[in-house]
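Structure, as structure tokens:
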Amino acid sequence: MNKELIERMRAVGEAITQLADTLARGDLVEPGKATENLPQKTYTFEEARAILAGKARAGFRAEVKAILTAAGAKALSDLKDDPQKLADVVAEAEKLAGESDG
């Protein structure tokens, strides 16, 4: 067997062991288990703006506008001082297909 293949097999074995350890600690959410109790990530205004701009550039301009309107905002800057609404808007935007790099 070639040396590279052996090293890859060892790496896979280590990854499986790490995954098993993580599962044993209960660090992963089980599929289908509610995630509402997990803390929601917070975003700075700049982070939210970058994510929404990336989605708009990816062809989701109308969808981004609809998300903002549903949040009661004409523009993202209307939500600048509301971290919860920023997080909600970003969470909705991240559901849009074709994740962007922005």
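Among the conditions (1) outside any loop (DSSP other than H, G, I, E, B); (2) of a type outside the set (Ser, Thr, Tyr); (3) modelled with pLDDT under 95, Lys33 misses just one, which is (1).
Quick one: would you say Ala62 is part of a helix (DSSP H, G or I), over 18 Å from the mean Cα position of the chain (by Cα), at pLDDT below 90 and aliphatic (A, V, I, L, M)? It is false that Ala62 is part of a helix (DSSP H, G or I), over 18 Å from the mean Cα position of the chain (by Cα), at pLDDT below 90 and aliphatic (A, V, I, L, M).
The values are calculated or read from the model by the stated rules, or taken from the named source; none is laboratory data. Please read these numbers as outputs of a predicted model, since none were measured by experiment.
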